[in-house]
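The values are calculated or read from the model by the stated rules, or taken from the named source; none is laboratory data. None of the values given here were measured: they were computed from a predicted structure. Accessible surface is based on the protein model in full, side chains and every heavy atom, while ligands, DNA and RNA are left aside. Shrake-Rupley method; radii C 1.70, N 1.55, O 1.52, S 1.80 Å.
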Amino acid sequence: MNSTDSTAPKGHADTAHSAAEPHDPLAQLEAIEVRPAGQEVYEALRREIIRGLPPGTVLRLAPLAERFQISTMPVRSAIARLESEGLVAQRPRRGAIVTDLTVDDFSEIYDIRIALEGVAVRRGCVNLTDEDLVRMRQHHRQLASIKLNDEEDIDRYLSGEWQLHDVCYEAAGRPRLMQLIRMYRRHAERYFRRYLGTRLNIEADVENQGTLLAACEARNPDRAESALRALFDYTTERLAPELAAGTSPKTGPSTT
């Protein structure tokens, strides 16, 4: 054998090969969000409930699992989450049903919300920057431009109101407080959608939002908390009697 054979030793060749990464034809694919089936079912059912799925509707595991083409386990998990939000009630040996809208439940949620958000608005308004106030004014203008003709308009109105308030609340610098506010806001969402769906005086609601904005511009915690309470009271005074009377919710906003 020729002692000058140019063939590299086997170990050397393996090292050289491993040093060069092979081309990955899938390397440029964008990442996608993969969510558990239970999350998807939870969001789908929650959306139907808050948009008017009638109270008393039975949520049976097997038919829902068949509908979503999954096992019953993620459906069970989704229903448990909905129960924690007060949207669903479990009945022994009879399954889960969509809960009714009641004055007691509504009042309890709103009492908790005003306590939490009252703290946030007082602490937040004194810390608002000029840039924060610009954002709040933008959200308020967007609210004033919305005409509540369908569910998408309600989505936009709710989102705009929450963003308007959150600019102030987040200035308080209390992340755990914000978590609680968002949790109870979700608990109240079905009631507020019911309120918006009645097409009561939305212009007055926007005006009340403007009063809150003005108090924040003045960075006055007493005025800000008072304006926030007026917003809660305005909704309560109009929705509570309807709930007490057992008036059936409308399927969507009126076009008149």
- Relative contact order of segment 60-193, pairs being alpha-carbon contacts under 8 Å that are 6 or more residues apart, as %: 27 percent
- Query: If Asp104, Asp150 are ordered by their accessible area, calculated over protein heavy atoms with a 1.4 Å probe, which sequence runs from highest to lowest?
  - Reply: Asp104, Asp150
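With all protein chains present and a 1.4 Å probe, how do Glu117, Glu66 order by accessible area, largest first?
On the way: Glu117 0, Glu66 130 Å².
The most accessible residue leads, giving Glu66, Glu117.
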- List every residue whose amide H lies under 5 Å from the amide H of Ala96, counting only residues 5 or more places away in sequence or on a different chain, with H placed 1.01 Å from N in the peptide plane. Leu59, Arg91
- Message: Please list, in order along segment 50-62, the HN-Hα scalar couplings obtained from phi with the Karplus expression 6.51 cos²θ - 1.76 cosθ + 1.60 (θ = phi - 60°), rounded to whole Hz, x for Gly and Pro.
- Response: 6, 9, x, 4, x, x, x, 4, 7, 10, 8, 4, 4
- Task: Provide the gained length on full extension for the span Ala244 to Ala44, in nm with one decimal, where the gain is 0.36 nm per separating residue minus the Cα-Cα distance.
- Result: 69.1 nm
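Just to make sure I understand: if all protein chains stay in place, what is the order of Arg51, Arg190 by accessible area at 1.4 Å, largest first? Display every interim value, and only then the final one.
On the way: Arg51 80, Arg190 20 Å².
Ranked list, largest accessible area first: Arg51, Arg190.
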- Message: Under the rule of at least 5 residues apart or a separate chain, name every residue whose amide H is placed under 5 Å from the amide H of Glu85.
- Response: none
